[in-house]
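Written below as structure tokens is the structure these notes are about.
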Amino acid sequence: MIAGISIYEILTLTTLLFFIGVYGFITRKNLISILISVELIMNASVVNFVIINKYLYPDVLQGVLFSIFIIAVAAAETALAIAIIINLYRQIGSVEVDATETMKY
Amino acid sequence: MDWNSFLLMRQEMLLLGIILLLIIAEVFISKNKKGNLVHFAVFLFGIHTAVGLLAMEEGSIFGGMFHTTGLIHFFKNVLNIGVFILLLQSADWLQEKIVDHQRGTEFFVLLFSSLLGMYFMVSAGDFLMFFLGLELSTLPVAALAAYEMAKRKSSEAGIKLILSAALASGVALFGISMLYIAGGSIYFNDIMQTITTSHLSILGMVLLLSGLAFKISLVPFHFWTADVYEGAPISVASYLSVISKGAAVFILMILLFTVLRPLLHIWENLVYILALTTMFIGNLFALRQNNLKRFLAFSSIAQAGFILLGIINGEQLGVATVIYFVLIYVFSNLAAFGVVQAISLRTGKENISDYDGLYRTNPKLSLVMMLALFSLAGIPPVAGFFGKFFLFTAAAGKGYYLLVFLAVVNVTISLYYYLLVVRAMFLRTSEHAIPYFNSKLYMKIGLVLTVLGILVLGLYSPLYEYIFELSKNLM
């Protein structure tokens, strides 16, 4: 427990974080920025799991364990995405979304 | 500790062994003999598929995180057979285009890793195992989509798939955390007993559902589908549309029918809306496609809409019809993608207009394609008709007559565009028709197996009753 802070404040924070991530994913035009937005979404859930575990169900460490796995998976995901972005950059010399629109409808 | 309980993971361990064996083989086989690796991998997976057909006990291990039942075992076999046919169909492509660049093994290792993830996903007993399986099944496919590194379209497909998949799993995770608050646990059994209808649990369910809907490419989460199918290598597109979608449908059904059963009255409406939008948008967009891969992409979106008609039933009948339809869909779609692959490999042509007059030059391929499209459209003698008919029965059994009526309207629309391809092949003539060519042995076996599947499943009804018996255990 953190003194003076209830679970509502932290859940509000993570929800904000989640929606900032979704907003960034939709509006950003740079592939790296989109990747960062996805990381925000992932990390919002990580904080969520830890906080729920700590405040509501402190007997079993399910949430904390889950969050460790999320961090690992998110790292793998980022590594793969970066690898693909680098490969794309070698071919078209750009990491902008507009440059990846040869296929449409 | 009872070591025998590990035998419940027999399929997973065997597949993991194959993956390790392939990595070792990659190191020790000399450069000019890499072509043999393809035979080796196909042979190993053939053994794996055959061993998988043996009976297996039911039970759960790791404190309930991993469990297996007759239905799950059967479904893993369906996935196995699908991947085996896919390997047969893509063996020629690998040998001719890929192995020369020393990258043959990666394909198999990534493909099998993804399949391993699906095993864990369908066997999951808690959300942690489910999430890990989901990620393990998605990430290698993204790498596979970007597999032809020299092609720009392939890289584009890879980046679109990985970003969409990452967003989807992030959204699903947030939903899982909401369900964790509402249920107090991440185990399916515990959540099922404690969850009640509240704003929190509904929000969690909607987020989880939309995360999975990305995987199944339901409208409005389908935007990545057509681009990825067009850009990715055909084998990968085929894998995405058949195996990946099938596994995601299965786990979605398990989640909705068991964990989220207390929220049945809510998700019924959601599935109703999703089914309608998916069928209509998928079919209407398929009408205007000229590239066959995009065409099959939208057709597979529409098929996912039909599958939801079985899920909306919510009972044993729904489970059985969905599994049966997925089984038929695996064979029909693999046949269609196989023909596209065979023709693209020899001529590089992928447009519907290129298929003009195909029957005069390549009659056997056109017949396979015709059967596949008839099965997808649901024309009586072939299997697809029974699959769709049972799905409609399942939805009508719950009183969704309007939905069934609209689905039948959609079947009619889909008949039009499937027949466009059949017309191009059989009725049209063209001076630039694709010349006669002979596919290699692997491709022939792959196509014959799919045709057998389409015909046998349509004529041999005890299989459906067998699936119906198995699906008792899900409840």
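Taking into account only those residues within the range B:438-475 that are of a type in the set (Ser, Thr, Tyr) and part of a loop (DSSP other than H, G, I, E, B), which is farthest from B:VAL382 (Cα to Cα)? Break it down stepwise before answering.
In the first step, residues of the range B:438-475 are kept if they are of a type in the set (Ser, Thr, Tyr); the result is B:439, B:442, B:450, B:460-461, B:464, B:466, B:471.
Still in the running and part of a loop (DSSP other than H, G, I, E, B): B:439, B:460-461.
Values: B:SER439: 25, B:TYR460: 11, B:SER461: 12 Å.
Per the stated criteria, the residue is B:SER439.
Select from the range A:61-77 the residues that are of a type in the set (Val, Ile, Thr) and more than 8 Å from chain B (Cβ to nearest Cβ) and list them in ascending order.
Hits for the range A:61-77 are A:VAL64, A:ILE68, A:ILE71.
Go through the range A:23-47 and count every residue that is of a type outside the set (Gly, Ala, Ser), over 16 Å from A:SER67 (Cβ atoms) and more than 8 Å from chain B (Cβ to nearest Cβ).
Going through the range A:23-47, the residues of a type outside the set (Gly, Ala, Ser) turn out to be A:23, A:25-32, A:34-36, A:38-43, A:46-47.
When the remaining residues are screened for being over 16 Å from A:SER67 (Cβ atoms), the result is A:23, A:25-32, A:34-36, A:38.
Subset that is more than 8 Å from chain B (Cβ to nearest Cβ): A:23, A:26-30, A:32, A:36.
Number satisfying all stated conditions: 8.
Quickly run through the range B:211-249 and pick out the residues that are among the hydroxyl-bearing types (Ser, Thr, Tyr) and at negative phi.
If the condition is that a residue be among the hydroxyl-bearing types (Ser, Thr, Tyr) and at negative phi, then B:THR225, B:TYR229, B:SER235, B:SER238, B:TYR239, B:SER241, B:SER244 are the ones that fit.
Given the criteria free of Cβ contacts under 8 Å to residues at least 24 places away in the same chain, in contact with a helix residue (DSSP H, G or I) (Cβ under 7 Å, 6 or more places away or on another chain) and surrounded by fewer than 21 Cβ atoms within 10 Å (Cβ to Cβ), does B:ALA396 qualify?
yes
Just to be sure I understand, how many residues within the range B:11-36 are out of contact with any helix residue (DSSP H, G or I) (no Cβ under 8 Å at 6 or more places or on another chain) and not small (Gly, Ala, Ser)?
Looking only at the range B:11-36, we keep the residues that are out of contact with any helix residue (DSSP H, G or I) (no Cβ under 8 Å at 6 or more places or on another chain), and these are B:17, B:20, B:24, B:27-28, B:30-33, B:36.
From what's left, not small (Gly, Ala, Ser): B:20, B:24, B:27-28, B:31-33, B:36.
So the count comes out to 8.
Can you pull out the residues in the range B:156-178 that are touching a residue at least 40 places away in the same chain (Cβ under 8 Å) and among the hydroxyl-bearing types (Ser, Thr, Tyr)?
Matches in the range B:156-178: B:SER164, B:SER169.
Look through the range A:79-100, keep the residues that are more than 8 Å from chain B (Cβ to nearest Cβ) and buried (at least 17 other Cβ atoms within 10 Å of the Cβ), and return whichever of them is nearest to A:PHE18 (Cα to Cα).
So, considering only residues that are more than 8 Å from chain B (Cβ to nearest Cβ) and buried (at least 17 other Cβ atoms within 10 Å of the Cβ), the one nearest to A:PHE18 (Cα to Cα) is A:VAL95.
From the list B:SER154, B:SER137, B:SER201, B:SER238, exactly one residue is touching a helix residue (DSSP H, G or I) at 6+ places or on another chain (Cβ under 6 Å), assigned to a helix (DSSP H, G or I), of a type in the set (Ser, Thr, Tyr) and within 11 Å of chain A (Cβ to nearest Cβ). Which is it?
On the way: B:SER137 fails: within 11 Å of chain A (Cβ to nearest Cβ); B:SER201 fails: within 11 Å of chain A (Cβ to nearest Cβ); B:SER238 fails: within 11 Å of chain A (Cβ to nearest Cβ).
Answer to the check: B:SER154.
Run A:GLY4 past the list (1) under 30 Å from B:ALA226 (Cβ atoms); (2) away from every other protein chain (no Cβ under 11 Å) and report the number of the one that doesn't hold.
(1)
What is the residue count in the range B:412-453 for residues that are among the polar types (S, T, N, Q), more than 28 Å from B:GLN95 (Cβ to Cβ) and surrounded by fewer than 18 Cβ atoms within 10 Å (Cβ to Cβ)?
Of the residues in the range B:412-453, 3 are among the polar types (S, T, N, Q), more than 28 Å from B:GLN95 (Cβ to Cβ) and surrounded by fewer than 18 Cβ atoms within 10 Å (Cβ to Cβ).
Say we look at the range B:122-134 and pick out the residues that are in a helix (DSSP H, G or I) and either among the small types (Gly, Ala, Ser) or more than 8 Å from every other protein chain (Cβ to nearest Cβ) (or both); which of these is farthest from A:TYR89 (Cα to Cα)?
The first filter runs over the range B:122-134 and keeps only residues in a helix (DSSP H, G or I), leaving B:122, B:127-134.
Checking the rest, the ones that are also either among the small types (Gly, Ala, Ser) or more than 8 Å from every other protein chain (Cβ to nearest Cβ) (or both) come to B:122, B:129-130, B:133-134.
Numbers: B:VAL122: 36, B:MET129: 35, B:PHE130: 34, B:GLY133: 30, B:LEU134: 28 Å.
Filtering the range B:122-134 for residues that are in a helix (DSSP H, G or I) and either among the small types (Gly, Ala, Ser) or more than 8 Å from every other protein chain (Cβ to nearest Cβ) (or both), the one farthest from A:TYR89 (Cα to Cα) comes out as B:VAL122.
Could you figure out which of (1) within 30 Å of B:ARG103 (Cα to Cα); (2) more than 13 Å from chain A (Cβ to nearest Cβ); (3) in contact with a His (Cβ under 9 Å, 6 or more places away or on another chain) isn't true of B:ILE243?
Every condition holds for B:ILE243 apart from (3).
Check whether at least one residue in the range B:19-29 is charged (D, E, K, R), at pLDDT below 85, more than 26 Å from B:GLU469 (Cβ to Cβ) and surrounded by 13 or more Cβ atoms within 10 Å (Cβ to Cβ), and report yes or no. Before the answer, list the steps.
Keep residues of the range B:19-29 that are charged (D, E, K, R), which gives B:26.
Restricting the remaining residues to those that are at pLDDT below 85 gives none.
Within the range B:19-29 (the criterion being charged (D, E, K, R), at pLDDT below 85, more than 26 Å from B:GLU469 (Cβ to Cβ) and surrounded by 13 or more Cβ atoms within 10 Å (Cβ to Cβ)), the answer is no, since none of the residues qualifies.
Please count how many residues of the range B:162-171 are within 9 Å of chain A (Cβ to nearest Cβ) and of a type in the set (Gly, Ala, Ser).
The initial filter retains those residues of the range B:162-171 that are within 9 Å of chain A (Cβ to nearest Cβ), namely B:162-163, B:165-167, B:169-171.
Still in the list and also of a type in the set (Gly, Ala, Ser): B:165-166, B:169-170.
Summing the residues that are within 9 Å of chain A (Cβ to nearest Cβ) and of a type in the set (Gly, Ala, Ser) in the range B:162-171 gives 4.
Could you tell me whether the range B:270-285 includes any residue that is surrounded by fewer than 24 Cβ atoms within 10 Å (Cβ to Cβ), out of contact with any helix residue (DSSP H, G or I) (no Cβ under 8 Å at 6 or more places or on another chain) and not polar (S, T, N, Q)?
yes
Sort out which residues of the range B:227-275 are under 14 Å from B:ASN313 (Cα atoms) and within 17 Å of the chain's Cα centre (by Cα), and write them in order of number.
The answer is B:LEU252, B:MET253, B:ILE254.
Yes or no, residue by residue, for (1) over 21 Å from B:GLY82 (Cα atoms); (2) modelled with pLDDT of 95 or more; (3) not in a helix (DSSP H, G or I):
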| position | (1), (2), (3) |
| --- | --- |
| B:LEU256 | yes, no, no |
| B:HIS265 | yes, no, no |
| B:ASN269 | yes, no, no |
| B:THR277 | yes, no, no |
| B:GLY282 | yes, no, no |
| B:GLN289 | yes, no, yes |
| B:LYS293 | no, no, no |
| B:GLY314 | yes, no, yes |
| B:ALA320 | no, no, no |
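Specify the residue that is surrounded by the most Cβ atoms within 10 Å (Cβ to Cβ); the eligible residues are those in the range B:176-190 that are closer than 22 Å to B:SER137 by Cβ and more than 9 Å from chain A (Cβ to nearest Cβ).
B:LEU179
Among residues belonging to the range B:65-94 that are of a type in the set (Ser, Thr, Tyr) and within 18 Å of B:LEU470 (Cα to Cα), point out the one that is surrounded by the fewest Cβ atoms within 10 Å (Cβ to Cβ). It would help to see each step written out before you state the result.
Our first condition is that a residue be of a type in the set (Ser, Thr, Tyr); within the range B:65-94, this holds for B:68-69, B:90.
With within 18 Å of B:LEU470 (Cα to Cα) added as a condition, the list becomes B:68-69.
Values: B:THR68: 23, B:THR69: 19.
So the residue we want is B:THR69.
The values are calculated or read from the model by the stated rules, or taken from the named source; none is laboratory data. Since the model is a prediction, treat every value here as computed from it, not as a measurement. A quick note on method: Cβ atoms are made from the backbone with ideal geometry, for glycine too, and the neighbour counts reach across all protein chains shown.
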